[in-house]
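K.L.:
Okay, handing you the structure first.
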Amino acid sequence: SSHIHIPRFEFGRTKTRPEPPPYSYQRSKLLMEEHSAADHDGNRRSEEDSLPAPSGTLMPALPATPPSLTPSTSRVLENKAKVDGEQQSSTQSNSASESNYMSPQLKPNPAVKSHKMNYQSDFGHQANKHSQMDAIFIDVLGDKSGSMVEMRDVAVKEIYKLLKEQKNIAIQRRETCEMFLSLTLFNSSATTVIDKVRLDTLKIDEQQLAAWLEPDGKTRLIDTAIERLNAQNQHVKDYEGKNTKSCPKNIGRTFVLLTDGKDTDSRQDVAAFNRAMRSARANGTLGIFLAANQDAVTVGKSYGFCGSTSLTYETGRAIHAYKALDRVLHAYTSNGSVSTFTKAERNDSV
């Protein structure tokens with residue numbers, strides 16, 4: 001008489017045998033159906049085939065071609081193939097997800113040649129545009145409200161070094177690229193102490209900058225930023241009107257905002273700043289946002305900046321943030337590279 005042969009499982013060996021995966025019950029059920037169908041057709045499996053799988057494997061493999069294919073055995077094999085396909089698809093999907101999470105750099109998006117290219121497209125930039133820039137307009141906005149008193153000395157020293165570095169670049173590139181600087185300092189009001197001055201001719205000393213950066217007052221951040229974005233746009237239009245009659249010129253723009261707090265004294269709101277900043281980025285402006293005492297990435301995005309060029313820093317780590325700013329700005333003005341703040345720079349700044 002025929003009998004149903006059920007694979008033997010040894011429950012007492014759970015401590016030494018690996019626990020079966022969640023889907024082993026489904027596989028066992030299909031195997032039981034196959035054994036039942038094979039016995040019914042007179043094709044019994046041997047005792048060896050019915051033993052539990054060795055450690056490190058799932059279940060014994062089914063024969064590729066059974067001795068006879070009746071409707072019952074065909075149905076079993078079709079179900080098994082379906083289960084195997086689902087398991088393989090799930091394994092590949094999980095493996096791909098883990099790979100993308102652990103090492104995204106190993107799986108680049110074919111539509112984007114590099115992270116730099118992706119960032120440039122966010123600003124409407126072209127890959128070869130910046131290396132051929134004929135002029136660059138740099139706007140730097142510095143917070144000098146009363147809360148800046150703790151980091152005043154660092155701000156004076158690092159901004160002065162930044163301006164000297166940019167002047168050296170302007171001198172080196174004066175034959176092929178004109179570089180213009182505007183420096184605006186704000187508290188309860190805003191004062192543009194340097195307005196569209198050619199950087200290669202800039203004359204400024206550290207003592208003068210220290211006098212300009214004397215902290216006091218509130219933080220008129222939003223109104224000042226919108227005013228300076230409009231001013232920079234007008235400067236570019238004036239330059240284009242005077243210099244592009246014979247041949248078109250590539251003009252670069254960068255907008256740097258330095259602060260230690262949120263706005264406390266503006267009439268316009270965050271939404272207005274966001275619209276103005278995003279419009280500037282669409283026209284090719286590289287926006288850079290450095291902020292203390294807040295999440296600069298989140299706040300920067302609300303203002304319309306790109307998160308990858310927004311940097312949070314603590315008061316005692318301000319020097320590291322300014323060094324990171326110097327590197328990003330140097331890359332842009334010296335050879336047209338659009339760079340972003342690195343993970344190491346972010347860690348050093350907090």
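The values are calculated or read from the model by the stated rules, or taken from the named source; none is laboratory data. Note that the structure is predicted; figures quoted are calculated from it, not measured. All Cβ positions, glycine included, derive from the backbone under ideal geometry; neighbour counts span all protein chains shown. Heads up: the accessible areas ignore ligands, DNA and RNA and are worked out on the full protein's heavy atoms, side chains in. Shrake-Rupley method; radii C 1.70, N 1.55, O 1.52, S 1.80 Å.
K.L.:
Of all residues in the stretch 291-321, count the ones that are surrounded by 18 or more Cβ atoms within 10 Å (Cβ to Cβ) and part of a loop (DSSP other than H, G, I, E, B).
P.N.:
Qualifying residue count for the region: 3.
K.L.:
Between a first residue in the stretch 190-203 that is within 9 Å of K167 (Cβ to Cβ) and a second residue that is part of a strand (DSSP E or B) and open to solvent by less than 70 Å² (accessible area, probe 1.4 Å), which pairs have beta carbons less than 6 Å apart while being 6 or more apart in sequence or on different chains?
P.N.:
L199/M179; L199/L181
K.L.:
How many of the residues making up the stretch 130-154 are surrounded by 16 or more Cβ atoms within 10 Å (Cβ to Cβ) and under 27 Å from the mean Cα position of the chain (by Cα)?
P.N.:
Total meeting the criteria: 10.
K.L.:
Restricting the search to the stretch 322-345, which residues are within 23 Å of K157 (Cβ to Cβ), open to solvent by 30 Å² or more (accessible area, probe 1.4 Å) and either at pLDDT below 95 or of a type outside the set (D, E, K, R) (or both)?
P.N.:
H330, S334, T342, A344
K.L.:
Go through (1) closer than 28 Å to V149 by Cα; (2) of a type outside the set (A, V, I, L, M); (3) more than 19 Å from the chain's Cα centre (by Cα); (4) modelled with pLDDT of 95 or more and name the single condition K262 misses.
P.N.:
Among (1) closer than 28 Å to V149 by Cα; (2) of a type outside the set (A, V, I, L, M); (3) more than 19 Å from the chain's Cα centre (by Cα); (4) modelled with pLDDT of 95 or more, the lone unmet condition for K262 is (4).
K.L.:
Out of all the residues in the stretch 191-217, which are of a type in the set (S, T, N, Q) and open to solvent by less than 70 Å² (accessible area, probe 1.4 Å)?
P.N.:
T192, the sole residue that qualifies.
K.L.:
Does F273 count as of a type outside the set (V, I, T), in a loop (DSSP other than H, G, I, E, B) and open to solvent by less than 20 Å² (accessible area, probe 1.4 Å)?
P.N.:
The answer is no for F273.
K.L.:
Pairs needed: first member in the stretch 330-344, touching a residue at least 40 places away in the same chain (Cβ under 8 Å); second member anywhere, surrounded by 14 or more Cβ atoms within 10 Å (Cβ to Cβ) and of a type in the set (F, W, Y); C-beta distance under 9 Å; at least 6 residues apart or different chains.
P.N.:
Here the result reads V338/Y119; V338/F123; V338/Y332; S339/Y119; S339/Y332; T340/Y119, each pair linking the stretch 330-344 to a residue that is surrounded by 14 or more Cβ atoms within 10 Å (Cβ to Cβ) and of a type in the set (F, W, Y).
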